[in-house]
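Reviewing the structure listed below.
The values are calculated or read from the model by the stated rules, or taken from the named source; none is laboratory data. Everything numeric here is computed off the predicted structure, so don't read it as measured data. Cβ: placed from backbone, ideal geometry, glycine included. Neighbour counts: every protein chain shown.
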Amino acid sequence: MPHLLILGGTSEASALAAACAAHGVAATLSYAGRTKAPAAQPVAVRIGGFGGVAGLTEHLRRERVTHLVDATHPFAAQMSGHAVAAAAAAAVPLLALTRPAWVAQAGDRWTHVPDIAGAVAALDGPARRVMLALGRMHVDAFAAQPQHHYLLRFVDRPDRPPALPQHDLVVDRGPFTPAADRALIARHGIDLVVAKNAGGSGAAAKLAAARDLALPVLLIDRPMLPARAEVHDVAAVLTWLGHAERGV
Ligand code: 3Y8
Ligand code: NAP
């Protein structure tokens, strides 16, 4: 009988958890503990880091995990690196459930930047009204460009105000809709959107809104991830489980 450990924190991870519950596959969904109240799940949940590669390796052995699915966000590069190393050390099959990067379509005015620092550097110049839809973990880096008025969106209300002299803060968790993001962007007079190339549907609303409003977007490229088997949908994970179970 399989016992899955799902490294979660994305819509895809939650969809896989629901499928496991529906198919009677034993699974535990793991969160880092970045938010105050993670979404309830129909499978067992664990919250908090494992303690590096060694901690994850030990966890895989102790909990007799038979399959590891890395369904973390494409920017969770450290977790994904640890998953590859620990799965090899514990001889547990690993599969990544991830989403393809977004590709520009007609009407998109994207400028690609390599990372957060690249986005900060690209904001040199006269004051603008910038939507920083990057969550809370990287906001302080933008204090290097204090001339702009920022619209921030966090999952939880922060304990201390962000270190940006001019900002509005929206506390909201996705998935978001294009209509709501269009209204939010118009209400705040935004003229530039900064986003990670997260892929998937849960974070795409602001890009659709920017396209509709003909606004420019600074799109942050994904970090490099280690080589590993990847699929883009839950059905492929269930097939893998079946195949992996038969050892093929
Ligand atoms: C704790 C679990 C589900 C998962 C839902 C997805 C969609 C909604 C859109 C914007 C972009 C952003 C952010 C975002 C989205 C989904 C998904 C996604 C982007 C929760 C969650 C956890 C987190 C962590 C959080 C980060 C932040 C990133 C906000 C739960 C709600 C910006 C990524 O305040 C903080 O410290 C937030 C930190 C990591 C990135 C950052 O650098 O700040 N996600 N988000 C996970 C854990 O503890 O392991 O609380 O339920 C999950 C979701 N957030 O089950 O339906 O699939 O991605 N999450 C980005 O894409 O740029 C918001 O505002 O437009
Ligand atoms: P990260 O930088 O790759 O990982 C940092 C450390 O956090 C890991 O080494 C691990 O700690 C712990 N960790 C990360 N994900 C975990 C998980 N699912 N379960 C248990 N521990 C986890 O990760 P991150 O970018 O901070 O992402 C944290 C969470 O937010 C993940 O669930 C991710 O899917 C979600 N998320 C991140 C982003 C983003 O933009 N980075 C966007 C959306 C969702 P130990 O070393 O102690 O094991």
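Test ALA209 against the stated conditions and say whether it is over 26 Å from LYS36 (Cα atoms), among the small types (Gly, Ala, Ser) and buried (at least 17 other Cβ atoms within 10 Å of the Cβ).
In short, yes.
Could you list all residues from region 37-46 that are near ligand 1 (Cβ under 9 Å from one of its atoms) and surrounded by 16 or more Cβ atoms within 10 Å (Cβ to Cβ)?
Passing the criteria: PRO38, GLN41.
Give me the pairs, please: first residue somewhere in region 32-45 and free of Cβ contacts under 8 Å to residues at least 24 places away in the same chain, second residue anywhere and within 9 Å of ligand 2 (Cβ to nearest atom) and in a loop (DSSP other than H, G, I, E, B), beta-carbon distance under 7 Å, and either six or more positions apart or on two chains.
Sorted first by the residue in region 32-45, then by its partner, the pairs are GLY33/GLY48.
For region 191-218, what are the residues that are of a type outside the set (A, V, I, L, M) and within 13 Å of ligand 1 (Cβ to nearest atom)?
Within region 191-218, LYS196, ASN197, GLY199, GLY200, SER201, GLY202, LYS206 meet the criteria.
Looking at the structure I just gave you, is ALA186 of a type in the set (Gly, Ala, Ser) and at pLDDT below 95?
Answer is no for this residue.
Checking MET224 against (1) among the aliphatic types (A, V, I, L, M); (2) crowded, with 19+ Cβ neighbours inside 10 Å; (3) touching a residue at least 40 places away in the same chain (Cβ under 8 Å); (4) not in a strand (DSSP E or B), which single condition isn't satisfied?
Against the list (1) among the aliphatic types (A, V, I, L, M); (2) crowded, with 19+ Cβ neighbours inside 10 Å; (3) touching a residue at least 40 places away in the same chain (Cβ under 8 Å); (4) not in a strand (DSSP E or B), MET224 comes up short only on (2).
When residues of region 1-19 are filtered for being of a type outside the set (Gly, Ala, Ser) and over 20 Å from ALA83 (Cα atoms), how many remain?
1
Looking only at residues that are out of contact with any Leu (no Cβ under 8 Å at 6 or more places or on another chain), closer than 25 Å to GLY135 by Cβ and hydroxyl-bearing (Ser, Thr, Tyr) in region 8-62, which one is farthest from ligand 2 (Cβ to nearest atom)?
This residue is SER11.
For every residue, the table says whether it meets (1) touching a helix residue (DSSP H, G or I) at 6+ places or on another chain (Cβ under 8 Å); (2) surrounded by fewer than 19 Cβ atoms within 10 Å (Cβ to Cβ).
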position: THR10; (1), (2): no, no
position: ALA17; (1), (2): no, no
position: HIS23; (1), (2): yes, yes
position: ALA27; (1), (2): yes, no
position: THR35; (1), (2): no, yes
position: GLY48; (1), (2): no, yes
position: GLY55; (1), (2): no, yes
position: ARG61; (1), (2): no, yes
position: LEU68; (1), (2): yes, no
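In region 30-74, which residues are under 20 Å from ALA91 (Cα atoms), in contact with a strand residue (DSSP E or B) (Cβ under 8 Å, 6 or more places away or on another chain) and not in a loop (DSSP other than H, G, I, E, B)?
SER30, HIS59, LEU60, HIS67, LEU68, VAL69, ASP70, listed by residue number.
Do you know which residues across region 10-29 are assigned to a loop (DSSP other than H, G, I, E, B) and more than 12 Å from ligand 1 (Cβ to nearest atom)?
GLY24, VAL25
Under 9 Å between Cβ atoms, which residue pairs at least 6 apart in sequence (or on different chains) link something in region 144-161 that is closer than 19 Å to VAL193 by Cβ and modelled with pLDDT of 95 or more with a partner that is more than 11 Å from ligand 1 (Cβ to nearest atom) and among the basic types (Lys, Arg)?
As it stands, the answer is GLN147/ARG128; HIS148/ARG128; HIS148/ARG129; HIS149/ARG128; HIS149/ARG129; TYR150/ARG129; LEU151/ARG129, since those pairs meet every condition given.
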